[in-house]
1. Determine which member of the set 384, 410 is out of contact with any Pro (no Cβ under 6 Å at 6 or more places or on another chain), part of a loop (DSSP other than H, G, I, E, B) and in the same structural domain as residue 307 (by TED's automatic domain parsing).
2. Collect the residues in the range 260-285 that are surrounded by fewer than 17 Cβ atoms within 10 Å (Cβ to Cβ) and touching a residue at least 40 places away in the same chain (Cβ under 8 Å), keeping them in residue-number order.
3. Pull up the range 335-369, narrow it to residues that are in a helix (DSSP H, G or I) and among the acidic types (Asp, Glu), then point me to the one that is surrounded by the most Cβ atoms within 10 Å (Cβ to Cβ).
4. Here's a check for you: in the range 375-388, which residue that is crowded, with 17+ Cβ neighbours inside 10 Å and polar (S, T, N, Q) is nearest to the chain's Cα centre (by Cα)?
5. Any residue in the range 78-104 that is without any contact (Cβ under 8 Å) to a residue 40 or more places away in the chain and at positive phi sitting within a Cβ distance under 9 Å of a residue that is outside any loop (DSSP other than H, G, I, E, B) and surrounded by 17 or more Cβ atoms within 10 Å (Cβ to Cβ)? List the pairs, counting only those 6 or more apart or interchain.
6. Which of the following residues is under 29 Å from residue 237 (Cβ atoms) and of a type in the set (S, T, N, Q): 353, 383, 360?
7. Report the residue count in the range 286-318 for those that are over 29 Å from residue 232 (Cα atoms) and free of Cβ contacts under 8 Å to residues at least 40 places away in the same chain.
8. Quick one: residue 361 ticks every box in (1) under 20 Å from residue 301 (Cα atoms); (2) in the same structural domain as residue 287 (by TED's automatic domain parsing); (3) in contact (Cβ under 8 Å) with a residue 12 or more places away in the chain except a single one, so which number is it?
Amino acid sequence: MAARGVGLLNRLPLCTRRSPILRPIHRLLSCPGTAAADARRERQSSGSTETGSEERTPKKRFSEVQKERREQAQRTILILCPNKTSEKKFLKYLSQHGPINNHFFFESFGLYAVVEFCQKESVASLQNLTRTPSMGTEAAIPFRSRFFNLKLKNSSDQTSEQPCMPRCNQSPPSSKKLFELLCDAESTSGNFLMEFQVKNVSSERIATQKILSVIGECLDNFGPGCVGVQKILNARCPLVRFSHQASGFQCDLTTNNRIALKSSELLYIYGTLDSRVRAMVFSIRCWARAHSLTSSIPGAWITNFSLTMMVIFFLQRRSPPILPTLDYLKTLADAEDKCIIEGHNCTFISDLNRIEPSKNTEPLELLLKEFFEFFGNFAFNKNSINIRQGREQNKPESSPLHIQNPFETSLNISKNVSQSQLQKFVDLARESAWILHQEEKDHPSPSSNQPWGLAALLLPSVAKSTSHGKKKRKKPASERIKNLLESIKNPENSTNINGKRTVTTQA
């Protein structure tokens, strides 16, 4: 049953992060054969989504997807609209700049429209305007990793009608204009190479920290809509974290982190190999967020990356495996795939079409239940998780949770997780497995008012609600649930009373 809920998530990117502040009012798609056709194909292929059996169609490489996304970003803009905007009139006006590929409107501190044109030149023509005539709507620059208002003011404090372009005979630009030019090198004319030179630094790490500190200050002061700017410079990988208030996107900005790019490519490959992977990852992330196992604030919580590694490891452990190990992907690599970064071997195959699809056809509801049961009984006290080999290994350190970094193998990506947070994860995993076992036995009707499937797992913890106000000490709820699950697997431990099966446990 849970497959119906998780199957809807299979088309989402594996690394997408969105803030819950968005409240979509409706989505408008145009140009048949693009996004609308994709939605129809998704509905038609819903049967193959739950089992992972897919047609053997050519799959794009990560580099090809990156190139397409960059090109798509150059054709897409984010526009702030007046609340009473007539969408039909607005789109009719925008179509004067060129044919529109697709678009949608959403509410988030105002009414916004995301419009993707068929040609890149359409966005360039809109960038020459500070306000769209008769619409009273401000245009924004291309929808990439930043959003800046085009309304600039010159030294006489008058609105400039043309985009800021550097000229040799002009006076030095203001800090705001300079920042906009730094962030959009394509707005300059001619072929220029921009190079940052940091003086008087003893290491590359310090140079990275200084550059990110300056960028963080610019975002905080000059980035329209960029809020909650955090400069996390003393982390192992220094970064600047911020949110874009209008769209709800949360961003982590770093530099010189090539291993992170290889990690993103690896996640893309795993998410593309089988349609069940993305559905599983987003279901587990949603479940973890609902129970406060993860947090956007750094601390002792499990991270989304750690949860993703756990899902991949679990799918590698199925029989037959749903996902290959990283070592196997390395054996398939060609000479062009060889990649050594700072002494770490980051080599794996980039051509997905050379990877044989899995013969495993287990449905999503079974995988979801088995995931909770697998990690509800995992020996975290002595074993570590390793997706390179796809099997448990003895923990090399005393951290409560040990998940080996796929490329920097000496690092534990979950070293921050405390024992209490790990125990909370185990307790909730056992409880969720129990809920899904009960549903399998009782067959609840989807038409009833009671939540079922994935929705039932997002409710507050039963163990938490039954523990308040009772002085008598009992066995932990997770231990009782573990015994119940074992009793279901061993019917001889159960008794039959009035024709109903009951499970006997010791409190």
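1. Numbers: 384 fails: part of a loop (DSSP other than H, G, I, E, B).
From the options 384, 410, the qualifying one is 410.
2. Going through the range 260-285, the residues surrounded by fewer than 17 Cβ atoms within 10 Å (Cβ to Cβ) turn out to be 260-261, 264.
Within the range 260-285, just 264 meets the criteria.
3. From the range 335-369, those in a helix (DSSP H, G or I) are 335-337, 352-354, 364-369; that's our starting set.
With among the acidic types (Asp, Glu) added as a condition, the list becomes 336-337, 365.
Details: 336: 8, 337: 15, 365: 21.
Top of the filtered list is 365.
4. As a first pass, look at the range 375-388 and keep what is crowded, with 17+ Cβ neighbours inside 10 Å: 375-376, 378, 380, 384-388.
Now narrow it down to the ones that are polar (S, T, N, Q): 384, 386.
On the way: 384: 24, 386: 21 Å.
Step by step, filter the range 375-388, then rank; the result is 386.
5. Note: pairs meeting the criteria are 98/117; 98/122; 98/123.
6. Values: 353 fails: under 29 Å from residue 237 (Cβ atoms); 360 fails: under 29 Å from residue 237 (Cβ atoms).
Answer to the selection: 383.
7. So the first thing to find is which residues in the range 286-318 are over 29 Å from residue 232 (Cα atoms), and the list is 313-318.
Okay, now just the ones that are also free of Cβ contacts under 8 Å to residues at least 40 places away in the same chain, so none.
Of the residues in the range 286-318, 0 are over 29 Å from residue 232 (Cα atoms) and free of Cβ contacts under 8 Å to residues at least 40 places away in the same chain.
8. (1)
The values are calculated or read from the model by the stated rules, or taken from the named source; none is laboratory data. Worth saying up front: this structure is predicted, and the values here are computed from it rather than measured. So basically every Cβ, Gly included, is an ideal-geometry build from the backbone, and we count neighbours across all protein chains shown.
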